[in-house]
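Working notes for the structure below.
The values are calculated or read from the model by the stated rules, or taken from the named source; none is laboratory data. Since we're looking at a predicted model, the values are computed, not measured. Don't worry about glycine lacking a Cβ; one is built from the backbone with ideal geometry, like all the others, and counts go over all protein chains shown.
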Amino acid sequence: MNLFEDLLPILFSVFVGGIIGIEREYQLKSAGLRTMILVTLGACIFTMLSMNLGETGSPDRIAANIITGIGFVGAGVIFKEDNRVSGLTTAVTIWICAALGMTIGAGYYQEATIGSVVVFLLLIMFKYIQDIIDRISTRYTYQITLPYEDGVVEKYESLFKEYGLKSIRGKQARNGEKYTIIWRVQGARKNHEICTKILLNDTTIEEFKF
């Protein structure tokens, strides 16, 4: 391969990774511009090496291990926070960047261009679609600590129902006179805002997390 043929996929992979990385960086994700560029570039170079160093019958000998290796990188951005898993979209984006890098390294520039455009549009468009869905229905975890008394659980579940929120009762714990209840509450965002304002101003409640 001549110098131009070597440089073209490398530069193209940097460009593709950069376009996707800019969107991730704008969204303040844990894996941003540099990560996406390096993932795409690395997958591209490994694929090029695989095609040139692999035996005649196995040009995918090195490239096949990219799929396994990229799983460790993706796993590093997935974490659990407040009964919610975060980072799945970023992990999948890293995975698709590796796929695009392999596509470029194999010389399928048209497919890589189409794929990168589709990924970029999906990341942008679905963010707005997700915001619309969250306005209609989103789930919060409410944790309330207050003095124990009979009927206290039903009292707050009636409050949720009054403001159009569906609640699922979770763990309950009592420590002396303190009683802690956890609910998974789903409903429109504006209803959550009204309800949380009422709970924050409830003098009976000693601790409220949401």
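Couple of notes before you dig in:
- The set of residues in the range 163-191 that are of a type outside the set (D, E, K, R), under 19 Å from residue 203 (Cβ atoms) and in contact with a Phe, Trp or Tyr (Cβ under 7 Å, 6 or more places away or on another chain) contains only 179.
- Elements of type helices (runs of 4 or more DSSP H) contained in the range 58-162, each with 1 or more residues being at pLDDT 85 or above, under 25 Å from the mean Cα position of the chain (by Cα) and over 30 Å from residue 201 (Cβ atoms): 64-75, 88-105, 109-136
- With respect to (1) surrounded by fewer than 19 Cβ atoms within 10 Å (Cβ to Cβ); (2) of a type outside the set (Asp, Glu); (3) modelled with pLDDT under 90, the lone exception for residue 8 is condition (3).
- Failed item, numbered, when residue 121 is tested on (1) free of Cβ contacts under 8 Å to residues at least 24 places away in the same chain; (2) touching a Ser or Thr at 6+ places or on another chain (Cβ under 9 Å); (3) closer than 30 Å to residue 100 by Cα: (2)
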